[in-house]
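In what follows, a structure is listed as structure tokens, so that the remarks can point back to it.
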Amino acid sequence: AAELVSFYDSVYTDVIAAITAAGTGPVGPALAWMHGADDPSADPVDVAAGFDVRGIASGPLAGEVEAVEIPGGTAVVGVHVGGYDSLVRTWEALVERLRAEGLEARGDTVEEYLTEPTPDGDPDLNRTRLVLYAR
């Protein structure tokens, strides 16, 4: 988790270049697909970062970038307002809701960064959509 900021800073630039070279661009906010753990606050976790796009088939694009399709399905969804350092509390609330609904985590989650963070921005205004998939 501590390495996510530097990972995101480098990977989103590569993804934009690859999808632009493929003849398209993002149709939504930056996102991260995290999988391999039933608990969204687990560390370590496998992360794929990119953007929603249209018109690209799944498969390799350029460099280490590839187009993938995130499977849909039943999910508990919420919006976190505030800095990323407090995301864990919102994830915990979603896990509680999932259990209250009698569901089990599928093992993957999505964070959609609805507010693009900027160095001079107020982190308390960040909005992040959280998707906790169920099986």
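The values are calculated or read from the model by the stated rules, or taken from the named source; none is laboratory data. On a predicted model such as this, the values are computed, not experimentally measured, just so you know. Glycine gets a Cβ as well: all are built from the backbone with ideal geometry, and neighbour counts include every protein chain shown. Heavy atoms of the whole protein, side chains included, go into the accessibility calculation; ligands, DNA and RNA do not. Shrake-Rupley method; radii C 1.70, N 1.55, O 1.52, S 1.80 Å.
Within the accessible surface of the chain, defined with a 1.4 Å probe on protein heavy atoms only, the carbon and sulfur portion equals 51 percent. Across the chain, Cα-Cα pairs farther apart than 18 Å form 56% of the total.
Residues in the stretch 84-127 average 67 Å² of solvent-accessible surface per residue, probe 1.4 Å, ligands and nucleic acids excluded.
Per DSSP helix of 4 or more residues, -39500 (n - 2.57); summed, then divided by the residues of the chain. What does that give at 222 nm, rounded to the nearest 500?
Theoretical 222 nm ellipticity from helices: -8000 deg cm²/dmol.
Distance from the C-alpha centroid of the stretch 94-114 to that of the stretch 58-79: 17 Å, rounded to the whole angstrom. How high is the FRET efficiency from E69 to D46, r the C-beta distance, R0 22 Å, rounded to 0.05? It comes out at approximately 0.85. Put a dot 7 Å past the Cα of R135, heading toward its Cβ, do the same for A93, and the two dots end up 2.8 nm apart. For the chain, calculate the relative contact order in percent as a whole number, restricting contacts to Cα pairs under 8 Å that are 6 or more residues apart. It comes to 27 percent, rounded to a whole number.
What does the charge dipole of the stretch 52-98 about its Cα centre add up to, to the nearest 20 debye, if the Cβ of each Lys and Arg holds +1 and the Cβ of each Asp and Glu holds -1?
Roughly 180 debye for the stretch 52-98.
For the peptides 13-23, 66-76, residues were scored by their other Cβ atoms within 10 Å and the scores averaged per peptide; the highest-first order is 13-23, 66-76.
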